[in-house]
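Chemist: Sending over a structure as structure tokens; questions will come in a sec.
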Amino acid sequence: MRNKEVEIRRAKDFDFLSIHRFIEILENQTFKKEKQENIFIENLNNQNNIYLIAEVENEIAGFLSCHVQNLLHHNGLIGEIQEMFVTESCRGLGIGQKLIDHLKSIAKEKEIIQLEVTSNIKRENAHSFYENQDFINTHKKFVCKFSK
């Protein structure tokens with residue numbers, strides 16, 4: 001599998017089922033499919049969001065979502081990676097780096113001045129990955145949850 005060609009493209013509405021499965025694996029929980037599909041379509045249609053798919057031999061092997069906001073405290077556009085996932089069987093093929101590289105290219109075109117990512121404290125491999133992609137750990141994230 002090491003010599004397989006990886007193609008990065010914009011996500012389409014028909015990619016939802018794969019992405020739904022990826023998010024459930026990533027978060028280790030089950031999500032209501034209909035509700036998540038509505039969110040996916042809404043976000044996909046928002047021009048401030050960048051949703052990328054990685055394909056290996058016409059199979060979806062990875063996904064990255066980035067939401068872009070024009071923030072006062074940065075005086076410009078900031079892209080925040082919301083989700084990123086690569087299937088276990090395709091890890092080690094450089095898919096994550098290709099997704100990030102493609103995102104960086106789009107970010108430059110859109111004049112995004114900074115990319116950000118928040119990663120769960122337990123995901124140490126992800127932390128190393130992002131540091132290797134020139135992301136610097138500069139913040140702590142605080143969360144206030146409300147019951148559903």
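The values are calculated or read from the model by the stated rules, or taken from the named source; none is laboratory data. Just so you know, these numbers come straight off a predicted model, no measurement behind them. Note that each Cβ is placed from the backbone with ideal geometry, even for glycine, and that neighbours are counted across all protein chains shown. Surface accessibility is based on the protein's heavy atoms, side chains included, excluding ligands, DNA and RNA. Shrake-Rupley method; radii C 1.70, N 1.55, O 1.52, S 1.80 Å.
For every residue, the table says whether it meets (1) open to solvent by 90 Å² or more (accessible area, probe 1.4 Å); (2) modelled with pLDDT under 95; (3) touching an Asp or Glu at 6+ places or on another chain (Cβ under 9 Å).
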position: Lys4; (1), (2), (3): no, yes, yes
position: Phe14; (1), (2), (3): yes, no, no
position: Ile19; (1), (2), (3): no, no, yes
position: Thr30; (1), (2), (3): yes, no, yes
position: Lys35; (1), (2), (3): yes, no, no
position: Asn38; (1), (2), (3): yes, no, no
position: Glu55; (1), (2), (3): no, no, yes
position: Phe85; (1), (2), (3): no, no, no
position: Leu103; (1), (2), (3): no, no, no
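Chemist: Given (1) touching a residue at least 40 places away in the same chain (Cβ under 8 Å); (2) loosely packed, with under 13 Cβ neighbours inside 10 Å, where does Val68 come up short, assuming only one miss?
Modeler: Result: Val68 passes all but (2).
Chemist: Cys90 versus (1) within 14 Å of Ile8 (Cβ to Cβ); (2) surrounded by 19 or more Cβ atoms within 10 Å (Cβ to Cβ); (3) modelled with pLDDT of 95 or more: which is the lone unmet condition?
Modeler: Here Cys90 clears every test but (3).
Chemist: Report, ordered by the first and then the second residue, all pairs with beta carbons closer than 8 Å, sequence separation of six or more or different chains, a first member in segment 30-46 that is closer than 14 Å to Leu17 by Cβ, and a second member that is aliphatic (A, V, I, L, M) and modelled with pLDDT of 95 or more.
Modeler: Short answer, once both residue conditions are applied: Phe31/Ile23; Gln36/Ile23; Phe40/Ile19; Leu44/Ala11.
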